Amino acid sequence: QVQLVESGGGLVQAGGSLRLSCVASGRTFNSLGMGWFRQAPGKEREFVAAISRTGGTIYAASVMGRFTISRDNAKSTVYLQMNRLKPEDTAVYYCAADVVVTREAGHYDYWGQGTQVTVSS
């Protein structure tokens, strides 16, 4: 089993920044790939970013150049640095874990509880 605990969500004005964190436990962290997804009311859960066990990254086109995913293996933590936020970024953000990473939510076996990000205009 893998447990994921998220933090860092909140309310921010358009153009501002937030950093989300997700701490993993229950399995050796460096054996896991990590992803971030988001879901707004009435919409499907969508891919945001992912980082592999070896540090390779992939991003959704809508966030590329604004968001950065990173990991700190010593702290068993994955981060999502979000800059130049837009109102359309408003959603519940979830972290997810699996041995490999993809852009499909259904692939991931483990999920965090979600944290709300609200961007005002």
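Odds and ends about this structure:
- Strands (runs of 3 or more DSSP E) completely within segment 17-107 that count 2 or more residues being closer than 15 Å to Val5 by Cα and of a type in the set (A, V, I, L, M): 18-25, 77-82, 91-98
- Segment 34-68 - residue that is within 10 Å of the chain's Cα centre (by Cα) and open to solvent by 20 Å² or more (accessible area, probe 1.4 Å) and, of those, nearest to Asp89 (Cα to Cα): Phe47
- Phe29 meets the conditions (1) at pLDDT below 95; (2) open to solvent by 30 Å² or more (accessible area, probe 1.4 Å); (3) touching a strand residue (DSSP E or B) at 6+ places or on another chain (Cβ under 9 Å) in every case but one. The failed one is (2).
- Selection from segment 3-26 of residues that are touching a residue at least 40 places away in the same chain (Cβ under 8 Å) and more than 16 Å from the chain's Cα centre (by Cα): Leu11, Val12, Gln13, Ala14, Gly15, Gly16, Ser25
The values are calculated or read from the model by the stated rules, or taken from the named source; none is laboratory data. Keep in mind it's a predicted model, so treat the numbers as computed, not measured. With ideal geometry, Cβ positions are generated from the backbone for all residues, glycine too; neighbour counts draw on all protein chains shown. The area values use the complete protein model at the heavy-atom level, side chains included, leaving out ligands, DNA and RNA. Shrake-Rupley method; radii C 1.70, N 1.55, O 1.52, S 1.80 Å.
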